[in-house]
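Okay, so here's the structure we're looking at.
The values are calculated or read from the model by the stated rules, or taken from the named source; none is laboratory data. Predicted, not measured: the structure shown is a model, and the values here were computed from it. In this analysis, Cβ positions are derived from the backbone assuming ideal geometry, glycine residues included, and neighbour counts consider all displayed protein chains.
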Amino acid sequence: MAKKFIFLFILLIPSTGLAIPDWSPEEQLTNSSEWTYNGDEAVGPDGTLHMLSCDNRTGLPIIYYQRKADGEQSWSSPAVLSSEAGSVQAGISAIYADPEEDKNIYVVWEEYFGGDARIYFRYSQDAGLTWSSSVLVAGAATGASQAGHPDLVVDSGHTMHLVWQDGTTDQVMYRQGPADGLTLSTPVILSGTGASHPGIARGSSKLVVFWQEPVAGFEQIKYKESGNGGGDWSNPRILGTAQSSHCIEPSLVFDGQNNFYAVWSRENAITFQKADASLGVLPPLIISTSAAGSCSQPAIVVQDSKITVAWVYNNAGHWQIRVNASSDGGSTWGEDAGFDSGASVSRPRLAEDRGNVHLFYDFDLTGGGQEQVWHALRDDTGPPVPQISSVSHPDQHRSGNNWPIFTWTKEDNPGGIGVQGYAVVFDGQPDTDPGDIIIHAAQENAAEFSGLENGIYYLHVKAVDILNNLGSVAHYTINIDRNSFFPGDQVWAAPSPVRDGKLNLRFFLSRMSEIKLEFFDAAGRKLGSQTLAGDIGINQLCRDIHDWVNGTFFYRLTARAYDNGQEAVVTKPFVVLR
């Protein structure tokens, strides 16, 4: 008798919210008029976030897709991926972003209709802006019988690898083929009967399929490996060491090599195990440190040597999403911490984004059965060093201008939560650390200082992100030498060359002065002059030269100080080019 796949939707109640170091506050991503539960998420190499959800706004569960490009503040409107015909109900889904191709995204999902459970597939070649037609990849019409709980990866040769649970025999099935999904291989059985929760992960040159399966009356985590792109598979192996307890709900990922990391729920605890490509499978570790309550639905993500795990924790009806992390490849773990959600939460998913981690999960803010997808970002990387510049004072150059103006770049680490502001100190010490006290807000990336005496000065700038992660300090050196009240290095013309018939002159004075401006051609012939008053600080004037021919010309500025009659002269060339 065929097995029916039943899609369960969990009732949730309001969150109180709990700040966790390095994690952003939780935010609601979906706003369905009915309910939405979390499907799956992925991050493309270009930093675009991709999200699947199962939404009941039409009265039937439908798979929706949303995206958020790198640097954007909001998500796209939901796009329908699954069937909306008749009484078709969608369920579990999976998404894969090709790490070698910025724009290639692949999606599979369950559809249930009239006793027939099937799996469909679609792909996008423009980072989710448009999608192919849906392709039936598993189910009765493909000779694969009832099908559910799909997962997929695409390898570097653009071959798709698909696994799912056969609903008739409860076995893990596998197919492969071109990444358009149109001509996949004949389904292959990888597990014994009674298997469930299958998944597939890709290493640098290895595939692993994993699942849970009963052994001597207890559920265990099994896996098979393939080193030739799914052509052959190893004998099944068991993760963990205890065979007298239930091990369920596996999640497994690779790092950039052929090392894989797995987590699962065992007797109300979360177990972690690493398979090192050189050392073999290492002993398992219990990484949930909560004293009481049940742990379930673990998810895992790897970033070089840093590993993050999230799971659902229930202590006497008080539900949380809890997280724990290791910074040494899983050898040691810290104390886990929780997002305090008050009552039921479910389906945590983790996605790595250039050193940051995105957490997605289900939660019902109102407690009225309208669960939505929620999100938090872990960003524990400080912003990059600001790049300081000054149009008035080149770095480490001597200048008679005692009114320096500085600007610096505004950016966070890629995919980061955003810059909160800048700690800034201006002093006479070359290595000052400005600390973490924000002087300038995120949008304020400029500073100026007036009336400086002769000497060497240093500007020190450090960026601080919204989670108070500190960047490294930028240092910038200036040398004030006011022996000349009219410094030649502070006289310049813009634009250069002059193309629009307007010459803009700027110069700096440390004393109020009478200014004589004269123009000469390349032969030394005088073309005109004017006299004006110059103020302390930066002076600007504009000269109309629209009727001048192309060529090289000179301007001469003569400054005579009002207070003592001292004179200084600066002569510089400029070019007219139309």
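Being crowded, with 19+ Cβ neighbours inside 10 Å, farther than 30 Å from Gln566 by Cα and not assigned by TED's automatic domain parsing to the domain that holds Asn324 is a description that does not apply to Ala446. Tell me, yes or no, whether region 449-468 has at least one residue that is within 23 Å of Ser399 (Cβ to Cβ), modelled with pLDDT of 90 or more and polar (S, T, N, Q). Within region 449-468, not a single residue is within 23 Å of Ser399 (Cβ to Cβ), modelled with pLDDT of 90 or more and polar (S, T, N, Q). Looking at region 185-199, which of the residues that are surrounded by fewer than 22 Cβ atoms within 10 Å (Cβ to Cβ) and of a type in the set (A, V, I, L, M, F, W, C) is nearest to Val263 (Cα to Cα)? Among residues in region 185-199 that are surrounded by fewer than 22 Cβ atoms within 10 Å (Cβ to Cβ) and of a type in the set (A, V, I, L, M, F, W, C), the one nearest to Val263 (Cα to Cα) is Ile189.
The set of residues in region 239-290 being of a type in the set (Asp, Glu) and in contact with an Asp or Glu (Cβ under 8 Å, 6 or more places away or on another chain) consists of Asp255 alone.
In the set Thr407, Thr432, only one residue is part of a strand (DSSP E or B) and not assigned by TED's automatic domain parsing to the domain that holds Val263; that residue is Thr407.
From the list Val345, Val309, Val373, the one residue that fits, being among the aliphatic types (A, V, I, L, M), buried (at least 21 other Cβ atoms within 10 Å of the Cβ) and over 20 Å from Cys54 (Cα atoms), is Val309. Every condition in (1) within 20 Å of Pro487 (Cα to Cα); (2) surrounded by 13 or more Cβ atoms within 10 Å (Cβ to Cβ) holds for Thr531 except the one numbered (2). Kindly establish whether Asn356 is in the same structural domain as Ser265 (by TED's automatic domain parsing), over 24 Å from Ser265 (Cα atoms) and either modelled with pLDDT of 95 or more or within 21 Å of the chain's Cα centre (by Cα) (or both). Against the criterion (in the same structural domain as Ser265 (by TED's automatic domain parsing), over 24 Å from Ser265 (Cα atoms) and either modelled with pLDDT of 95 or more or within 21 Å of the chain's Cα centre (by Cα) (or both)), Asn356 qualifies.
Take Asp379 and tell me if it is at pLDDT 90 or above and under 21 Å from Ala474 (Cβ atoms). Criteria met by Asp379. Whether a residue is within 19 Å of Asp98 (Cα to Cα) and not polar (S, T, N, Q) was assessed, and Asp170 does not pass this test.
The rows are residues; the columns are (1) within 30 Å of Asp46 (Cα to Cα); (2) in contact with a helix residue (DSSP H, G or I) (Cβ under 9 Å, 6 or more places away or on another chain).
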residue	(1), (2)
Ser392	no, yes
Asp395	no, no
Pro404	no, no
Ile417	yes, no
Thr432	no, no
Ile437	no, no
Phe449	no, no
Lys462	yes, no
Leu470	yes, no
